[in-house]
Amino acid sequence: GMLQPRDTPSRERKELGGLWSFRADLSPGRDAGFAQRWYRRPLRQTGPVIDMPVPASFNDITQDPSLENYIGWVWYEKEVLLPRRWLQGDPAPRVVLRFGSAHYYSIVWVNGVQVVEHEGGHLPFEADISSVVQGSPDTLCRITVALNNTLSPHTLPPGTIQYMADKARYPKNYFVQNTRFDFFNYAGIHRPVVLYTTPAAYIDDITVTTTSSDTLATVQYQVSVVGSTANSLSLSLRDQEGKVVATGDGPVGELKVLNPNLWWPYLMHENPGYLYSLEVRLQAQLGGVLLEDVYALPVGIRTVHVTSTQFLINGRPFYFHGVNKHEDADIRGKGLDWPLIVKDFNLLRWLGANSFRTSHYPYAEEIMDLCDAYGIAVIDESPAVGIKLPESFGNKSLQHHLAVMEELVRRDKNRPSVVMWSVANEPASELPPAAHYFKTVIAHTKALDPSRPVTFVTDATYALDHGAPYVDVICVNSYFSWYHDPGHLEVIPLQLTAQFENWYKTYQKPIIQSEYGADSVPGLHSDPPLMFSEEYQQAMLREYHAVLDKKRKEYVVGELIWNFADFMTNQGTTRVLGNKKGIFTRQRQPKAAAFVLRDRYWKIANESSCLPPVITSHSLFL
């Protein structure tokens, strides 16, 4: 399992934040050969030691341009003193080292002993390090991480290393990392590193699914225990007041809840994001000793169903009026940052947004926790963005993609906020091998979790998309009057209407406009609207909204603006210090388009909501 570390009566955790020592080989002309062969062992540590904050991307922290765009191995190291009680007792507790995420390929040693390696930049991994640390209390424990951010055709996301062999134009060993996605490939230890303990016999995993009617809900559970065969499990479900509303025992069962409080999205109910707490208690015999482990899992009672024209939450039609985001901000890059996270949720609620997609990778568990608690519905997306090359549809890529979906579902399967999985964004789904590829990935995801719809996000033409037959909801990205017919707002009504009608005629599945938008440089004004002005972004949104208003009466079930905030990209002639399609700046200040979207989202919420209509945007204090 991959249960989130929590403080309970039987478990402790210690976060290893702050400064780590860091080194990277920044010597000019270093042989890049190893960059492509990153699955081989890393080179020895070279380069000066500097301080590096964790969690954070390393790219924007120093003044060294070669670290900004660094590709290859870097090294992190930290020494910590473990509490003596963690290393004593018979049986002694398990000590686990857990990384929320590190980008992209990690190898971890404790006191020089390799304990884990992991491929993938946006999901947690951990190692039981008890046997390494338990012999030596009162000595510092040294944690070493080798990290490589090189992307290959078989990584997720994919990339290629291109060698520039022309000696007349490029220095020796010169190479670049090419990618087919439009955001900066930040790297580093991006999420918290935690040491935590459990008893020697412990609750390893919990899986919960819920069904409900108005008067009765069932919470089906499955609990796996490791470290003991002679054990008993007792479960109690508590409401928000702490009152026990149902109890059960054993590893598999069903709790019945009378008159349940359902988990509703924000603005769909006056008490959104209602969470119960499922307290699981293990008592286990181990070598004549009685051990107890306790774990509390937040549980939301809700159902999701898809018809040919509707997306239903708890049996009621749900319309996604939301955003696409990025984990991205000044200086920290993709590093987890609490002030930023809370600010973003306050902006989402100010906007009247009820949902977002985790474009284009799974987001931090801390962010997902708040989605559960605030009632923000999530389309949970894997890191499979930019699958464009034919070789990225081969068996090697497919096997890794299946493993990534296993990791993502294992992490987020119990979250009520996750209402749909997205297995990819804008792949080359017009290529013939995409049919077998997406059929397989989607079937695998549904086998892992039959309770949720599955999609991927396409920008292929409806007539050529080989993956669309296998999705439950069609998610389409389009940028009419931006990447196509730039500057011609007048083509939007025709082109967008045709897009929706063609997709629906072909598949009879509900459709989400999963991306649309325009770049605007804050402070640039133009009337009549010209591209890159704040007015053009506003005008484009209004043209899209006019068509969406017609089609949401039929089979369009959502709209997600690209993007919530400006974000960093690779340098290029169409990118001025990053992508400027945010309705907020990278510093989270509103552009003119934010107010257009806010008026719209509150209008939609007031139409469809069971809230009293007196709640309007300006009278709602959050």
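Once you have the Cα-Cα distance between Val521 and Ser277, take 0.36 nm times their residue separation minus that, and quote the gain in nm to one decimal.
Values: separation 244, 0.36 × 244 = 87.84 nm, distance 4.52 nm.
Answer, rounded to one decimal: 83.3 nm.
When ligands, DNA and RNA are left out and all protein chains stay put, how many square angstrom of accessible area per residue does the chain have with a 1.4 Å probe?
39
With Rg and the Kirkwood Rh both taken from Cα atoms, where does Rg over Rh land for the stretch 93-224?
1.16
May I ask for the equivalent-ellipsoid semi-axes of the stretch 231-288, computed as the square root of five times each C-alpha gyration tensor eigenvalue and listed largest first in whole Å?
Working through the eigenvalues yields semi-axes of 30, 11, 9 Å.
Restricting to bridges with both residues inside the chain, how much of the DSSP beta-bridge set is antiparallel, in percent to the nearest 5?
Rounded to the nearest five, the antiparallel share is 75 percent.
Check which residues have an amide H placed less than 5 Å from Val245's amide H, if you skip close sequence neighbours.
Amide H neighbours of Val245: Leu237, Arg238, Asp239.
Taking a virtual spin label 7 Å from the Cα of Arg6 along the C-beta vector, which residues in the stretch 267-306 bring their backbone nitrogen under 18 Å of it?
Under cut-off, by backbone N: 273-283, 292-302.
Summarise the accessible area of the stretch 202-299 (1.4 Å probe, protein heavy atoms) by the percent that is carbon and sulfur.
50
Dividing the convex hull volume of the alpha carbon atoms of the stretch 84-131 by its residue count, what do you get in Å³ per residue? Kindly include the intermediate steps, with their values, before the conclusion.
Values: hull volume 3.6 nm³, N = 48.
Value for the stretch 84-131: 75 Å³ per residue.
Where does the chain land at 222 nm, in deg cm²/dmol rounded to the nearest 500, when only DSSP H runs of n ≥ 4 count, each adding -39500 (n - 2.57), divided by all residues?
When only DSSP H runs of four or more count, the value is -6000 deg cm²/dmol.
Using packing as a proxy for protection, rank 304-316, 48-60 so that the peptide with the highest average count of other Cβ atoms within 10 Å comes first.
Final packing ranking: 48-60, 304-316.
Any idea what diffusion coefficient the chain gets from Stokes-Einstein, in µm²/s, Kirkwood Rh on alpha carbon pairs, 37 °C, 0.692 mPa s?
D = 127 µm²/s.
Debye sum, Cα scatterers, the stretch 202-299, no solvent: what log₁₀ I/I(0) at q = 0.20 1/Å?
Each listed q corresponds, in turn, to -0.95.
Beyond a 28 Å Cα-Cα separation, which of these cross-linked pairs lie in this structure: Lys580/Lys603; Lys14/Lys325; Lys78/Lys172?
Lys14/Lys325; Lys78/Lys172
Among bridges DSSP assigns within the stretch 314-608, what percent are antiparallel (round to 5)?
In the stretch 314-608, approximately 10 percent of DSSP beta bridges are antiparallel ones.
Straight-line reach only, C-alpha to C-alpha below 22 angstrom: list the lysines that Lys446 could link to, leaving out same-chain residues fewer than 8 apart.
Excluding near neighbours in sequence, the set is Lys396, Lys413, Lys509.
Rounded to two decimal places and with Rh computed the Kirkwood way over Cα pairs, what is Rg over Rh for the stretch 435-538?
Using Cα coordinates only, the ratio equals 1.10.
Tell me, what is the Rg over Rh of the stretch 314-608, with Rh the Kirkwood radius over Cα pairs? Walk me through the numbers on the way to the answer.
Working: Rg = 18.3 Å, Rh = 19.5 Å.
Ratio of gyration radius to Kirkwood radius for the stretch 314-608: 0.94.
The values are calculated or read from the model by the stated rules, or taken from the named source; none is laboratory data. Model, not experiment: these values are computed from the prediction. All Cβ positions, glycine included, derive from the backbone under ideal geometry; neighbour counts span all protein chains shown. Just the protein is used for accessible areas: all its heavy atoms, side chains included, with ligands, DNA and RNA removed. Shrake-Rupley method; radii C 1.70, N 1.55, O 1.52, S 1.80 Å.
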